[in-house]
Amino acid sequence: MTGDTISQIATPHGIGGIGIIRMSGADALPIAQHIFHPAKGGALGEVAPYTARFGQVRAADGAILDEVILLYMRAPHSYTGEDVVELQCHGGTVVLREVLQRTWEAGAQPAEPGEFTKRAFLNGRLDLARAEGVMELIAAKSTRAARAARERMSGALSSEITLLRARLLGAIARIEAGIDFPEDDIPAPEIAALQEDITAARAGVHRLLAGAEAGRILREGVKTVIVGRPNVGKSSLLNALLGTERAIVTDVPGTTRDVIEEEISIDGIPLRLLDTAGLRAAEDAVERLGVERTEQHLADAELVLAVFDSSTHLTAEDQELLARLRTMRADIIILCNKEDCASVLRVADFDGINAPVLMISAHAGTGLDALRETIAARVQQMEGGLDDGALPNKERETRALEHAAKHLDEAATALAQGLGTDFVSIDLRSAYEILGEILGETVDTDLIDRIFSEFCIGK
Ligand code: GDP
């Protein structure tokens with residue numbers, strides 16, 4: 001497959017000043033020589049790599065399709081590790097399609113989603129963890145997520161894994177060098193050194209696992225559910241946090257019938273904010289469905305913003321919500337909204353719930369900064385903290401780390417019980433191989449295909 005030359009539009013679909021078509025493969029330059037005509041006349045001929053050329057892309061009948069700038073990056077010093085030609089065209093959907101079609105006519109194949117990056121991986125330009133960092137940077141929804149993606153892209157996770165594997169390989173070599181020792185007679189210093197290697201590797205794997213939760217939060221966002229009885233100001237709060245008029249705000253109870261989901265970023269941390277229909281016993285079927293959904297979302301919420309109307313005393317429905325909150329494991333923040341009206345609610349009304357109580361006004365915007373700070377602090381405390389560094393975040397990676405940790409535990413036990421170094425060696429090898437999966441060294445082609453197919457087109 002890597003012998004073929006591929007091409008695709010690399011810029012987003014839509015209208016823009018410039019749109020880029022990228023070609024990669026051994027025939028990228030010959031194809032460009034065929035369809036590109038330099039402005040100063042003549043044929044394209046040889047092109048010095050890493051220089052720009054101005055000219056036209058012409059159709060088979062000689063008609064001008066666009067005026068473009070051509071960039072040539074020669075193998076192996078390109079993103080994919082192959083010859084790459086980029087055509088900077090005018091950024092219109094039709095013109096880009098036509099130029100792309102022209103590259104196909106001239107012999108290029110349409111690139112699959114993620115195929116450029118997959119080639120970079122297959123050609124050893126990037127390991128899997130770094131390739132995924134590229135996609136994460138593109139998909140990042142907050143500054144922290146972007147920072148974590150950049151770290152991954154530049155190899156922070158990869159180098160930690162590589163170090164761990166080197167340590168394991170050292171331990172395996174130590175055992176193999178000592179294979180001549182009679183089984184019960186391994187010198188004590190060897191055992192001590194082995195123990196040290198295993199302990200260090202275990203600590204490293206556990207350190208990475210501790211960052212996995214933070215990594216997931218940065219990728220997916222903290223699932224934050226806004227609950228409260230109708231009319232307390234849930235939609236207004238969502239809008240105030242969003243700074244737009246996304247949810248419909250009315251004073252008819254129960255108008256937010258379905259769950260509205262928006263994404264916001266607080267202190268660089270992405271939040272998936274869900275405005276729910278409330279939990280009251282609903283009369284019609286649509287509303288009942290909304291209530292059911294609220295229940296489902298509450299069940300797996302990580303953060304709950306429970307909203308109350310501070311201009312009235314707690315109602316029976318509020319009390320029901322409070323009872324429900326007491327049973328929840330999620331982090332909770334209690335918000336007494338409408339503090340701009342004469343407030344009758346007191347912090348003492350929320351005794352018995354382990355949650356900060358904040359006075360806010362979604363309308364006047366008061367208390368919202370304190371809310372943002374409280375949210376940021378709570379999220380920081382969530383498992384593992386959010387320190388930037390090597391943050392594994394894919395289920396695939398977490399599973400591999402857990403699996404490796406298990407083998408290292410077994411290796412440590414085997415060693416402690418004096419079971420013989422063969423047993424230890426088997427587990428160390430397994431851990432070594434499994435950690436290699438994270439870098440893509442020991443995974444099969446189906447998995448590689450599946451991972452890259454989730455990348456975006458043209459990348
Ligand atoms: P929801 O049903 O909980 O989503 O509540 P809405 O956001 O639709 O608001 C219900 C009513 O309360 C609307 O008339 C809002 O204008 C009003 N409201 C929301 N927040 C405030 C606030 O901070 N102060 C005051 N005075 N009214 C508010």
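The values are calculated or read from the model by the stated rules, or taken from the named source; none is laboratory data. Since the model is a prediction, treat every value here as computed from it, not as a measurement. Counting neighbours? That spans all protein chains shown, and the Cβs are built from the backbone with ideal geometry, glycine included. Quick note on the areas: whole protein, heavy atoms, side chains included, nothing else; ligands and nucleic acids left out. Shrake-Rupley method; radii C 1.70, N 1.55, O 1.52, S 1.80 Å.
The figures follow:
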item: Residue within the range 118-140 that is open to solvent by 40 Å² or more (accessible area, probe 1.4 Å) and touching a Leu at 6+ places or on another chain (Cβ under 7 Å) present; result: no
item: Residues located in the range 5-19, provided they are β-branched (Val, Ile, Thr) and buried (at least 19 other Cβ atoms within 10 Å of the Cβ); result: Thr5, Ile6, Ile9
item: Output for the range 20-58, where each listed residue is farther than 18 Å from Ala120 by Cα, in contact with a Gly (Cβ under 7 Å, 6 or more places away or on another chain) and either open to solvent by less than 40 Å² (accessible area, probe 1.4 Å) or in a loop (DSSP other than H, G, I, E, B) (or both); result: Ile31, Phe36, Pro38, Ala39
item: All helices (runs of 4 or more DSSP H) inside the range 90-176 with 2 or more residues being closer than 27 Å to Arg202 by Cα; result: 128-139, 143-153
item: Test set (1) in contact with a His (Cβ under 7 Å, 6 or more places away or on another chain); (2) at pLDDT 80 or above - Val259 fails condition number; result: (2)
item: Residue list for the range 399-426, restricted to those being small (Gly, Ala, Ser), in contact with a Lys or Arg (Cβ under 8 Å, 6 or more places away or on another chain) and open to solvent by less than 20 Å² (accessible area, probe 1.4 Å); result: Ala405
item: Candidate set from the range 201-232 (those that are within 16 Å of the ligand (Cβ to nearest atom) and open to solvent by less than 10 Å² (accessible area, probe 1.4 Å)); member that is nearest to Ile161 (Cα to Cα); result: Thr224
item: Residue under evaluation Arg429, criteria (1) without any contact (Cβ under 8 Å) to a residue 24 or more places away in the chain; (2) of a type outside the set (Phe, Trp, Tyr); (3) open to solvent by 50 Å² or more (accessible area, probe 1.4 Å), criterion not met; result: (1)
item: Top-ranked residue in the range 59-111 [being more than 20 Å from Ala39 (Cα to Cα) and acidic (Asp, Glu); ranked as surrounded by the most Cβ atoms within 10 Å (Cβ to Cβ)]; result: Glu82
item: Residue ID - farthest from the ligand (Cβ to nearest atom), chosen from residues in the range 346-383 that are more than 21 Å from Leu241 (Cβ to Cβ) and in a loop (DSSP other than H, G, I, E, B); result: Glu383
item: Residue ID - modelled with the lowest pLDDT, chosen from residues in the range 286-312 that are exposed (fewer than 15 other Cβ atoms within 10 Å of the Cβ) and either within 16 Å of the ligand (Cβ to nearest atom) or outside any helix (DSSP H, G or I) (or both); result: Val286
item: Residue count, the range 258-275 (criterion: within 13 Å of the ligand (Cβ to nearest atom) and not in a strand (DSSP E or B)); result: 2
item: Residue in the range 438-447 that is within 16 Å of the ligand (Cβ to nearest atom) and modelled with pLDDT of 85 or more present; result: no
item: Enumeration of residues in the range 313-336 that are assigned to a strand (DSSP E or B) and either open to solvent by less than 20 Å² (accessible area, probe 1.4 Å) or within 16 Å of the ligand (Cβ to nearest atom) (or both); result: Ile332, Ile333, Ile334, Leu335, Cys336
item: Which numbered condition Glu339 fails, given (1) out of contact with any Ser or Thr (no Cβ under 8 Å at 6 or more places or on another chain); (2) within 16 Å of the ligand (Cβ to nearest atom); (3) open to solvent by 10 Å² or more (accessible area, probe 1.4 Å); result: (1)
